[in-house]
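Peer 1: Structure in structure tokens, see below.
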């Protein structure tokens, strides 16, 4: 299964929403808490009256999708497919709070209607009057990957389709407080540029909304393709992960020696980052390695940021952050392999190539 990326748009904790791609200056998270997206002027994409009825994550998702459509010059996709781990948290919290404060009486239905996971995909369809296939996947750490897999299957059947695929998740003060009690996040001051140097429990929470226009054929002068997507749930140690990665590459006829850059999902959590360190000293020992979660944080669909970042590297031939393993890069970066996992359970493997 292969898909060609024809357009992208992303809202993240970095200044990534502009037309210039990745900015030269990196926004550094320093402190105790979570990384929030840098939001644009929504009036440039959404009617202000309509925006008043949208929560923050809906505005983030809709504006990213509309910018992706604009940049890819595809006014009407054949399908809209999204993935989200936790959906519209802010509206969910508002609805639950109203249940409690009003003792389950005279409830405002709007927060409930807008709290469902498919709210963003529906809002996009309403904004552009798209009556095509519309689906939202919510499989925790496989949410974005499931949406992408659906798109790849559809393009395998009909290469003429244009499919809009997105991944989004938000974090709120309440959700941050609750998940902190579970030990998911670091409980001390963090300098994002040194995230991988902390040998402590927990990661740095983040959020984002990324959309991709996928097609079944290449466009001259604008072709980066997703050649491989593999998923597996849990693993029986590092040897199992090594075996799976080698097997998946072999099955797709990919020579590991031909891959130019490895992107690993280091989160700064010493309970699970050892998987990545073993790979760096093992099968990827002779490869340059970079990370991405110190730029966007950890969240269920953070792989969508990695996919955007890998696309940007191949298109612009530039790695914006210091390599974690500084083996020499080739003259051209024609392929990037992404390996990511969410808390050691949801493992995904992508390969992006210049065509």
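The values are calculated or read from the model by the stated rules, or taken from the named source; none is laboratory data. A quick note: this is a predicted structure, and the numbers were derived from the prediction, not measured. FYI the Cβ positions are ideal-geometry reconstructions off the backbone, even for glycines, and counts take in every protein chain you see.
Peer 1: Considering every residue within the range 326-336, establish whether at least one is in the same structural domain as residue 280 (by TED's automatic domain parsing), touching a residue at least 60 places away in the same chain (Cβ under 8 Å) and more than 16 Å from residue 288 (Cβ to Cβ). Steps first, please.
Peer 2: Within the range 326-336, the first condition is being in the same structural domain as residue 280 (by TED's automatic domain parsing), and the residues that meet it are 326-336.
If we keep only those that are touching a residue at least 60 places away in the same chain (Cβ under 8 Å) too, we end up with 329-330, 332-336.
Still in the list and also more than 16 Å from residue 288 (Cβ to Cβ): none.
No, the range 326-336 contains no residue that is in the same structural domain as residue 280 (by TED's automatic domain parsing), touching a residue at least 60 places away in the same chain (Cβ under 8 Å) and more than 16 Å from residue 288 (Cβ to Cβ).
Peer 1: Mind checking which residues of the range 228-248 are at pLDDT below 95 and either in contact with a helix residue (DSSP H, G or I) (Cβ under 6 Å, 6 or more places away or on another chain) or closer than 26 Å to residue 8 by Cα (or both)?
Peer 2: Correct list: 235, 238.
Peer 1: Tally time: how many residues in the range 125-168 are part of a strand (DSSP E or B) and under 15 Å from residue 230 (Cβ atoms)?
Peer 2: Narrowing the range 125-168 to residues part of a strand (DSSP E or B): 133-137, 162-168.
Filter again for under 15 Å from residue 230 (Cβ atoms), leaving none.
Selection size over the range 125-168: 0.
Peer 1: In the range 113-124, is there at least one residue being under 18 Å from residue 226 (Cβ atoms), touching a helix residue (DSSP H, G or I) at 6+ places or on another chain (Cβ under 6 Å) and assigned by TED's automatic domain parsing to the domain that holds residue 80? Step through it out loud before you land on a result.
Peer 2: Residues of the range 113-124 under 18 Å from residue 226 (Cβ atoms): none.
Within the range 113-124, not a single residue is under 18 Å from residue 226 (Cβ atoms), touching a helix residue (DSSP H, G or I) at 6+ places or on another chain (Cβ under 6 Å) and assigned by TED's automatic domain parsing to the domain that holds residue 80.
Peer 1: Moving to a separate point now. Would you mind stating whether residue 307 is modelled with pLDDT of 95 or more, in contact with a helix residue (DSSP H, G or I) (Cβ under 9 Å, 6 or more places away or on another chain) and assigned to a helix (DSSP H, G or I)? Talk me through it step by step, then tell me what you get.
Peer 2: Details: modelled with pLDDT of 95 or more: yes; in contact with a helix residue (DSSP H, G or I) (Cβ under 9 Å, 6 or more places away or on another chain): yes; assigned to a helix (DSSP H, G or I): yes.
Yes, satisfied.
Peer 1: Shifting gears a bit: Can you tell me which residues in the range 177-193 are in a helix (DSSP H, G or I) and within 19 Å of the chain's Cα centre (by Cα)? Break it down into steps so the answer makes sense when it comes.
Peer 2: Here is the first cut: in the range 177-193, the ones in a helix (DSSP H, G or I) are 177-180, 192-193.
Once the filter is applied, which keeps residues that are in a helix (DSSP H, G or I) and within 19 Å of the chain's Cα centre (by Cα), the range 177-193 yields only 192.
Peer 1: Name the one entry in 153, 164 that is surrounded by fewer than 14 Cβ atoms within 10 Å (Cβ to Cβ) and either in contact with a strand residue (DSSP E or B) (Cβ under 6 Å, 6 or more places away or on another chain) or at pLDDT 95 or above (or both). Steps first, answer last, please.
Peer 2: Numbers: 164 fails: surrounded by fewer than 14 Cβ atoms within 10 Å (Cβ to Cβ).
Just one listed residue meets the conditions, 153.
Peer 1: Kindly indicate which of 51, 65, 41, 9 is in the same structural domain as residue 117 (by TED's automatic domain parsing), touching a helix residue (DSSP H, G or I) at 6+ places or on another chain (Cβ under 6 Å) and without any contact (Cβ under 8 Å) to a residue 12 or more places away in the chain.
Peer 2: On the way: 65 fails: without any contact (Cβ under 8 Å) to a residue 12 or more places away in the chain; 41 fails: touching a helix residue (DSSP H, G or I) at 6+ places or on another chain (Cβ under 6 Å); 9 fails: without any contact (Cβ under 8 Å) to a residue 12 or more places away in the chain.
The conditions single out 51.
Peer 1: Could you check residue 289 against (1) in contact with a helix residue (DSSP H, G or I) (Cβ under 8 Å, 6 or more places away or on another chain); (2) surrounded by 24 or more Cβ atoms within 10 Å (Cβ to Cβ) and say which number it fails?
Peer 2: Failing condition for residue 289: (2).
Peer 1: Please find, within the range 59-81, the residue that is surrounded by the fewest Cβ atoms within 10 Å (Cβ to Cβ) out of those that are out of contact with any strand residue (DSSP E or B) (no Cβ under 6 Å at 6 or more places or on another chain) and assigned to a helix (DSSP H, G or I). Reasoning before the result, please.
Peer 2: Step one: of the range 59-81, the residues out of contact with any strand residue (DSSP E or B) (no Cβ under 6 Å at 6 or more places or on another chain) are 59, 62-63, 66, 69-70, 73, 75-76.
From what's left, assigned to a helix (DSSP H, G or I): 59, 62-63, 66, 69-70.
Numbers: 59: 22, 62: 26, 63: 27, 66: 18, 69: 24, 70: 13.
Out of the qualifying residues, it is 70.
Peer 1: Would you confirm whether any residue within the range 340-348 is part of a helix (DSSP H, G or I), assigned by TED's automatic domain parsing to the domain that holds residue 294 and crowded, with 21+ Cβ neighbours inside 10 Å?
Peer 2: no
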